[in-house]
Amino acid sequence: MQASADSTKMDCLWSNWKCQAIDLLYWRDIKQTGIVFGSILLLLFSLTQFSVVSVIAYLALAALSATISFRIYKSVLQAVQKTDEGHPFKAYLEMEMSLSQDQIQKYTDCLQLYVNSTVRELRRLFLVQDLVDSLKFAVLMWLLTYVGALFNGLTLMIMAVVSMFTLPVVYDKYQAQIDQYLGLVRTHINTVMAK
């Protein structure tokens, strides 16, 4: 009973985020997707050159420079025009920026579900509940040692981000041709396997 209620909560929580993610990956709003894609790539490329602490410090300095410059600009503009508009960020300063107890509970419940299911699955694999699944997991880990020898984690993340933002659109645009070639590859593999 508890598991079905938890999965219903999780489905409701993730359905909205899933729709937003799909809209981003299919470039339905080009401006928003470009900003997200460019920001993620800039962050990952920055992390290849600088430490995490440096990247966070530079981002904070850039944000502070922009807000301080805008505040000074607005103050000078108010002094020259002799207006009294007040603080340029007043609306943001007065905005409520806290999570409610219900929101925190919802997110921690969702996180708890994922952590518990991951721990159960890892326990099942490492304690060899099913020999075939554990052997598949071992082969996957062995293959990942070769991937790790060729690429570092940031390179893999950059490749994953670029693939996430390009492959769905390319497949959507050229679906007929891709399906045709995949069908040819599949029949060729099936004939080889039959021999």
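The values are calculated or read from the model by the stated rules, or taken from the named source; none is laboratory data. The shown structure was predicted, so the numbers you read here are calculated from the model rather than taken from an experiment. So basically every Cβ, Gly included, is an ideal-geometry build from the backbone, and we count neighbours across all protein chains shown. Side chains included, ligands, DNA and RNA excluded: accessible areas come from the protein's heavy atoms. Shrake-Rupley method; radii C 1.70, N 1.55, O 1.52, S 1.80 Å.
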Output for Cβ contacts, cut-off 7 Å, separation at least six or different chains, first residue within 27 Å of A62 (Cβ to Cβ) in region 15-44, second outside any helix (DSSP H, G or I) and open to solvent by 70 Å² or more (accessible area, probe 1.4 Å), reads T33/W27
Return a yes/no flag: does region 32-47 have any residue that is modelled with pLDDT under 95, open to solvent by 50 Å² or more (accessible area, probe 1.4 Å) and either over 29 Å from F89 (Cα atoms) or not in a helix (DSSP H, G or I) (or both). yes
Can you go through S51, S69 and tell me which one is closer than 30 Å to M159 by Cα and polar (S, T, N, Q)? S51
Go through region 163-192 and give me each residue that's of a type in the set (S, T, N, Q) and under 22 Å from I40 (Cβ atoms). S163, T166
Residues that are open to solvent by less than 70 Å² (accessible area, probe 1.4 Å) and part of a loop (DSSP other than H, G, I, E, B), drawn from region 116-140: D130
How many residues of region 74-115 are farther than 21 Å from N16 by Cβ, open to solvent by 80 Å² or more (accessible area, probe 1.4 Å) and part of a helix (DSSP H, G or I)? The answer is 7
Within region 149-162, track down each residue that is open to solvent by 50 Å² or more (accessible area, probe 1.4 Å), assigned to a helix (DSSP H, G or I) and either at pLDDT 95 or above or under 28 Å from A21 (Cα atoms) (or both). T155, L156, M157, M159, V162
Conditions: (1) open to solvent by 100 Å² or more (accessible area, probe 1.4 Å); (2) within 30 Å of N16 (Cα to Cα). Y58 meets all but one. Number of the miss? (2)
